[in-house]
1. Can you grab the distance from the C-alpha centre of the stretch 17-82 to the C-alpha centre of the stretch 253-294, Å, no decimals?
2. From the residues GLY296, VAL249, ASN154, which one has its Cα farthest along the dipole of the stretch 133-352 in the positive direction, the dipole being from +1 and -1 charges on Cβ of Lys/Arg and Asp/Glu about the Cα centre?
3. Please turn the phi angles of the stretch 353-363 into ³J(HN,Hα) values with the Karplus equation 6.51 cos²θ - 1.76 cosθ + 1.60 (θ = phi - 60°), one per residue in order, whole Hz, x for glycine and proline.
4. What is the stretch 4-131 by shape, rounded, prolate or oblate, if you read a ≥ b ≥ c off the alpha carbon gyration tensor as root eigenvalues and call it rounded for a/c under 1.5, prolate for a/b larger than b/c, and oblate otherwise?
5. Too long at a 18 Å Cα-Cα cut-off: which of LYS73/LYS97; LYS261/LYS347; LYS211/LYS286; LYS172/LYS207; LYS207/LYS244?
6. Run the reach check for LYS93 against aspartates and glutamates, Cα to Cα strictly under 13 Å, same-chain hits fewer than 8 apart removed. What comes back?
7. Can you give me the span-like helices of the chain, meaning DSSP H runs with 27 Å or more of Cα extent along the axis and Kyte-Doolittle mean at or above -1.0?
8. Using the number of other C-beta atoms within 10 angstrom as an exposure proxy, rank VAL343, VAL303 with the fewest first.
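Every number here is computed from the coordinates shown, using simple stated rules; none is lab data. For clarity, every value in this text was computed on a predicted model and none was experimentally measured. All Cβ positions, even for glycine, are placed from backbone atoms using ideal geometry, and neighbour counts span all protein chains on display.
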Amino acid sequence: MITSLEKLQEELKKSSFNAVLVSSNPNIIYLTNYSGFSKEEREAFLFIVKDEQYVLTDARYAEEVKRLIPDFKLIEISSKNSLNQILQMLKLKHKIKKIGIEENNLRVSEYKNLTKLFKNTFHYGGLHSLRSNKTLDEIFKIEKACKLGDKTYNYILKELRVGISEKQLAVKIEMFLKENLADISFTPIVAFGKNSAVPHHVPSDDKLANKQIVLLDFGVKLNNYCSDMTRTVYFGYAPDEFKKMYNIVLESQAQAIKHLKSLVANHKSIPAKDIDKVARDYIISKGYPGIPHSLGHGIGIEVHETPHLSPKSKDILKEGMVFSIEPGIYIPNFGGVRIEDLVVLTKKGPKLLTHSPKNLIEI
């Protein structure tokens, strides 16, 4: 099976540029499968040419890099061997005339230094494209994270009780995942009652009471790969308005998936915006406001990746892509409903990776 590094180097062989300098943490993880560098601090770069690859970092990581990233040559950054000196050496050694850099992930000072050192630089975004088409191994890792997400959802439903706060429930999600040797892929969204009308509500001290909506949106991070799911339940006997909203959201998701299946079956191109439109139009046709966010997003090493399923998206959905389908209705001073699942696009159509029940649950 071809690796992500081999994919990049094959692209380099066919291109007009000689090297790529990788600075973003997710792309470093993607190419090395090593996640030990800080997300917040600049602790490493990858320098990749057509037939060699280097990790540029300091002595703190030397032993781990040698042991865990054996396919990369280590060059230590130190006071006696600065990053600029190392890059100058590599430039001369490999006769670099044109280099790709991640403009969106560089500090201004880094960018200035690089453009002085390499006269011909350009923004290289190809890794995001490579990452959007998942390998079987990547899909397996995401699916494993989804399975733990389903397990977490089953657990957290049993923790719903009068008086528990949104914050407490969010902490319970995080602790359950840590006990299962995983982590959260993003800060969980827990929203009770009217708070569920805010799509990205931040958990508060508000406590659960009878006859309230409960919206749960959380993800798992396992083996460097993420999951993401949303379910909305009702604590008590649900009123008719909630039931109506819920069924419309559920049907809008079903119609989007059905349309996706039909395009695959007919071997047609699949613009991501068309899938968004099907769900969005259905909700609007029922007299509710349009979805205030995109219908979905890609997922992998990061919880939001390419492709983007939104009205203005130019992405084309292809086999091997993993993405969410998450329609929602949000009514101020009443509440909201969102249902989110992850799918992988296969030759036969979309395959669900999340399997938690979607029938309306009253607790």
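1. That distance is 41 Å.
2. Value computed over the given set: VAL249.
3. Result, rounded to whole Hz: 9, 9, 10, 5, x, 10, 5, 5, 9, 10, 10.
4. Here the stretch 4-131 falls in the rounded category.
5. LYS73/LYS97; LYS211/LYS286; LYS207/LYS244
6. The qualifying aspartates and glutamates are ASP51, GLU52.
7. Qualifying helices, which must be both long enough and hydrophobic enough, are 136-157, 240-265.
8. Taking fewest neighbouring Cβ atoms as first place, the list is VAL303, VAL343.
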